[in-house]
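> Take this structure first; my questions come after.
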Amino acid sequence: MFDKNIYIQRRKLLKNYLKTGIILLPGNSNSPMCCQDNCYPFIQDSIFSYFFGINEPNFVGVIDVDNDKDYIFAKDFTLDDIIWMGPQKLFKDLVEEVGVYNFIDIDNLKNFLTNINKKIHYVNPYRDDIKLLLANILNINPFDIAKFSSLELTKSIIKLRSIKSKEEISEIEKAVNITRKMHLEAMTVAKAGMKEYEVTAAVEAICKKYNAYPSFHTICTINGEILHNHSQNNILKNGDLLLLDCGAKSESGYCGDMTSVFPISGTFTKEQTTFYNILINMFETAEKEIKPYITYKEVHLKVSKILLEELKKLNLVKGEINDLIENGIYGLFMPHGLGHMLGLDVHDMENLGEDLVGYDETCQRSNLMGLKSLRLAKKLEPGFVFTIEPGIYFIPELIKKWKSENKFIEYLNYNEIEKLSGKIGMRYEGNYVITENGSKRLGEPMPRTIDEIETLLK
Ligand code: GLY
Ligand code: MN
Ligand code: MN
């Protein structure tokens, strides 16, 4: 938790944006795994976390904009709880640590809201239990919850959370450094004969060691061409490249998200070297380009251009590079976007709407292959924290489909491309903040070049 003044200030700024009404910010409840008392690890809702900081289930924050009053509704501990859980700090005292001096039993929430005759702002929840809670306390049909959610509140929260403060950047950097250690651990333990999930076990143990959680399901795969591959049953063999995409969500809730690839044998093959060097060229192009007020779409396109130029040298694509770009040909080899915002969520704020976070009135999402999955496209501003994560993939199913349709036959040398189908799939990912006059990579240095990785593997 930060100092209480940080939360007070955040709520004050939100009040300034909204000007009038009631803001309702429910925290998460526990998610039962198999029964009410056996739950998945508790992860607080990031909006609640941002404005109220408390990492406990079943809290609801209420902000009365007109009267400049903040409330927390929850149910405090009883003796029954203490028998099972040991002595606990009472919530009515805990909330003062985040600058809230109005603690009310949650049983009174519905009445409280019914008696206030003002517009109630809430954001569209991603969890069904929160939908039901809102439906009950606001007397709305659960299926209409999205319809009545507040675009004004949603946009205000995005505006505030998009610019990370120095305290937040420092917390993200801590998460990135745990993430870095997860990657270095994988490079140390992964050996031929192991299963992918055994590497994941070692990687996630590092998270545990720092009292962090994985910020998303770890991707640990020798089939890197499957973008979000969650199966981990393969046995590692010499000649394989292992792709590890993982991150830590630290004690304070902030996230890291990095990807590395490395050879199980300790040495990249000639073919892997060729594509890995292109990948790092793409990554470093992005790294050089990012600065205040460049659009991330522009950076994405510059990186895609490098990819196409290199693939042209390898006789995999043909034609004028500008025509290839216009037709989104790079999307065959990198179907995802160059990156996304990072913060309290690994894809920060995406529950509020991907397009509201990554786009604005000056740029709309394109349907073109290669652009349609770009999550962050708008102008970068000082304080934005986001990922750079170019990839190169030869995805068998996609290649087969395009070839069967003779798609872009004038630009693609399918015979050459097919030779690499299912053989190349790599991504490299790091985390950055935009500063007043440039950018900075977060976290301590990571091995990046072939030499650095091979040296470490030795
Ligand atoms: N976890 C997938 C990503 O890097 O965005
Ligand atoms: Mn990632
Ligand atoms: Mn990412």
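> Report, by residue number, each residue of the range 338-351 that is among the small types (Gly, Ala, Ser) and near ligand 3 (Cβ under 10 Å from one of its atoms). Spell out the reasoning first.
Taking the range 338-351 and keeping what is among the small types (Gly, Ala, Ser), we get 339, 343.
Listed by number, the list holds a single entry, Gly339.
> Considering only residues that are within 21 Å of the chain's Cα centre (by Cα) and more than 16 Å from ligand 3 (Cβ to nearest atom), look in the range 219-231 and name the one that is modelled with the highest pLDDT. If you could, list the steps in order and put the result at the bottom.
Here is the first cut: in the range 219-231, the residues within 21 Å of the chain's Cα centre (by Cα) are 219-221, 224-231.
If we keep only those that are more than 16 Å from ligand 3 (Cβ to nearest atom) as well, we get 225, 231.
Details: Glu225: 92, Ser231: 86.
In this case the residue turns out to be Glu225.
> Among residues belonging to the range 92-105 that are part of a helix (DSSP H, G or I) and surrounded by fewer than 18 Cβ atoms within 10 Å (Cβ to Cβ), point out the one that is nearest to the chain's Cα centre (by Cα). Before the answer, list the steps.
First pass over the range 92-105, keeping only residues part of a helix (DSSP H, G or I): 92-98.
Now narrow it down to the ones that are surrounded by fewer than 18 Cβ atoms within 10 Å (Cβ to Cβ): 92-93, 96-97.
Values: Lys92: 33, Asp93: 33, Glu96: 30, Glu97: 28 Å.
Result: Glu97.
> Select from the range 295-315 the residues that are more than 21 Å from the chain's Cα centre (by Cα), touching a residue at least 60 places away in the same chain (Cβ under 8 Å) and either surrounded by 16 or more Cβ atoms within 10 Å (Cβ to Cβ) or within 16 Å of Leu374 (Cα to Cα) (or both) and list them in ascending order.
Matches in the range 295-315: Ser304, Leu307.
> Return a yes/no flag: does the range 263-285 have any residue that is more than 12 Å from ligand 2 (Cβ to nearest atom), surrounded by fewer than 17 Cβ atoms within 10 Å (Cβ to Cβ), of a type in the set (Lys, Arg) and under 19 Å from Gly193 (Cβ atoms).
Scanning the range 263-285, I find no residue that is more than 12 Å from ligand 2 (Cβ to nearest atom), surrounded by fewer than 17 Cβ atoms within 10 Å (Cβ to Cβ), of a type in the set (Lys, Arg) and under 19 Å from Gly193 (Cβ atoms), so the answer is no.
> Can you pull out the residues in the range 400-437 that are under 30 Å from Lys174 (Cα atoms) and more than 16 Å from ligand 1 (Cβ to nearest atom)? Walk me through how you get there before you give the answer.
First pass over the range 400-437, keeping only residues under 30 Å from Lys174 (Cα atoms): 425-437.
Once the filter is applied, which keeps residues that are under 30 Å from Lys174 (Cα atoms) and more than 16 Å from ligand 1 (Cβ to nearest atom), the range 400-437 yields Val433, Ile434, Thr435, Glu436, Asn437.
> Just to be sure I understand, how many residues within the range 352-379 are within 16 Å of ligand 3 (Cβ to nearest atom), touching a Phe, Trp or Tyr at 6+ places or on another chain (Cβ under 8 Å) and of a type outside the set (Gly, Ala, Ser)?
Within the range 352-379, the first condition is being within 16 Å of ligand 3 (Cβ to nearest atom), and the residues that meet it are 354, 357-358, 373-377.
Now drop any that are not touching a Phe, Trp or Tyr at 6+ places or on another chain (Cβ under 8 Å), which leaves 358, 374, 376-377.
After this cut, where a residue has to be of a type outside the set (Gly, Ala, Ser) as well, the list is 374, 376.
The number of residues fulfilling the criteria is 2.
> Moving to a separate point now. Of all residues in the range 348-364, count the ones that are within 16 Å of ligand 1 (Cβ to nearest atom) and assigned to a loop (DSSP other than H, G, I, E, B). Quick ask: steps written out before the conclusion?
Step one: filter the range 348-364 for residues within 16 Å of ligand 1 (Cβ to nearest atom), giving 348-351, 354, 357-358.
Still in the running and assigned to a loop (DSSP other than H, G, I, E, B): 348-349.
Residues flagged as within 16 Å of ligand 1 (Cβ to nearest atom) and assigned to a loop (DSSP other than H, G, I, E, B) within the range 348-364 amount to 2.
> Got a sec? Which of Gly358, Gly353 is modelled with pLDDT of 95 or more and at positive phi? Write out each step before concluding.
Working: Gly358 fails: at positive phi.
Being modelled with pLDDT of 95 or more and at positive phi holds for just one of Gly358, Gly353, which is Gly353.
> Still on this structure, I have one more. Does Asn322 satisfy the criteria of being part of a helix (DSSP H, G or I) and surrounded by fewer than 18 Cβ atoms within 10 Å (Cβ to Cβ)? Walk me through how you get there before you give the answer.
On the way: part of a helix (DSSP H, G or I): yes; surrounded by fewer than 18 Cβ atoms within 10 Å (Cβ to Cβ): yes.
Against the criterion (part of a helix (DSSP H, G or I) and surrounded by fewer than 18 Cβ atoms within 10 Å (Cβ to Cβ)), Asn322 qualifies.
Per-residue answers, yes or no, for (1) in a strand (DSSP E or B); (2) basic (Lys, Arg); (3) surrounded by fewer than 16 Cβ atoms within 10 Å (Cβ to Cβ):
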{"site": "Glu173", "(1), (2), (3)": "no, no, no"}
{"site": "Asn177", "(1), (2), (3)": "no, no, no"}
{"site": "Arg180", "(1), (2), (3)": "no, yes, no"}
{"site": "Glu185", "(1), (2), (3)": "no, no, no"}
{"site": "Gly193", "(1), (2), (3)": "no, no, yes"}
{"site": "Lys208", "(1), (2), (3)": "no, yes, yes"}
{"site": "His230", "(1), (2), (3)": "no, no, yes"}
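> Next question. Which ones in the range 305-347 are within 16 Å of ligand 1 (Cβ to nearest atom) and either among the β-branched types (Val, Ile, Thr) or out of contact with any Cys (no Cβ under 8 Å at 6 or more places or on another chain) (or both)? Break it down stepwise before answering.
To start, the set of residues in the range 305-347 that are within 16 Å of ligand 1 (Cβ to nearest atom) comprises 334-347.
Hits for the range 305-347 are Met334, Pro335, His336, Gly337, Leu338, Gly339, His340, Met341, Val346, His347.
> If you don't mind, another one. Of everything in the range 232-246, what is in contact with a Lys or Arg (Cβ under 7 Å, 6 or more places away or on another chain), assigned to a strand (DSSP E or B) and of a type outside the set (Val, Ile, Thr)? Give them in sequence order.
Correct list: Leu243, Asp245.
> Does Lys297 fit the bill of being away from ligand 2 (no atom under 16 Å from the Cβ), of a type in the set (Lys, Arg) and more than 20 Å from Arg448 (Cβ to Cβ)?
Numbers: away from ligand 2 (no atom under 16 Å from the Cβ): yes; of a type in the set (Lys, Arg): yes; more than 20 Å from Arg448 (Cβ to Cβ): yes.
So Lys297 fits the description; yes.
> Still on this model: Step by step: first the residues of the range 417-444, then only those that are within 16 Å of ligand 2 (Cβ to nearest atom) and closer than 16 Å to Lys291 by Cα, then the one that is surrounded by the fewest Cβ atoms within 10 Å (Cβ to Cβ). Which residue is that?
In the first step, residues of the range 417-444 are kept if they are within 16 Å of ligand 2 (Cβ to nearest atom); the result is 425-432, 441-443.
Narrowing further to those that are closer than 16 Å to Lys291 by Cα: 430-432, 441-442.
Details: Gly430: 24, Asn431: 26, Tyr432: 21, Arg441: 16, Leu442: 23.
My answer is Arg441.
> For the range 232-255, enumerate the residues that are buried (at least 17 other Cβ atoms within 10 Å of the Cβ) and either farther than 28 Å from Asn431 by Cα or among the hydrophobic types (A, V, I, L, M, F, W, C) (or both). Give the steps one after another, and end with the answer.
The initial filter retains those residues of the range 232-255 that are buried (at least 17 other Cβ atoms within 10 Å of the Cβ), namely 232, 234, 236, 240-250, 252-255.
The answer is Asn234, Leu236, Leu241, Leu242, Leu243, Leu244, Cys246, Ala248, Cys255.
> Next question, about the same structure. So is Met369 within 16 Å of ligand 1 (Cβ to nearest atom) and buried (at least 16 other Cβ atoms within 10 Å of the Cβ) or not?
Numbers: within 16 Å of ligand 1 (Cβ to nearest atom): no; buried (at least 16 other Cβ atoms within 10 Å of the Cβ): yes.
So Met369 does not fit the description; no.
> Additional query: Would you point out which residue out of Leu241, Leu227 is away from ligand 2 (no atom under 12 Å from the Cβ), more than 29 Å from Phe48 (Cβ to Cβ) and hydrophobic (A, V, I, L, M, F, W, C)? First the steps, then the outcome.
Values: Leu227 fails: away from ligand 2 (no atom under 12 Å from the Cβ).
Going through Leu241, Leu227 in turn, the sole match is Leu241.
> Still on this structure: Considering only the range 388-458, give the strands (runs of 3 or more DSSP E) lying wholly within it that have at least 3 residues that are touching a residue at least 24 places away in the same chain (Cβ under 8 Å). It would help to see each step written out before you state the result.
Numbers: elements: 391-393, 425-427, 430-434, 439-441.
In the range 388-458, the matching strands (runs of 3 or more DSSP E) lie at 391-393, 425-427, 430-434.
The values are calculated or read from the model by the stated rules, or taken from the named source; none is laboratory data. Note that the coordinates shown come from a computational prediction; the quantities given were computed from them, not determined experimentally. Every residue, glycine among them, receives a Cβ derived from its backbone with ideal geometry; neighbour counts consider all protein chains shown.
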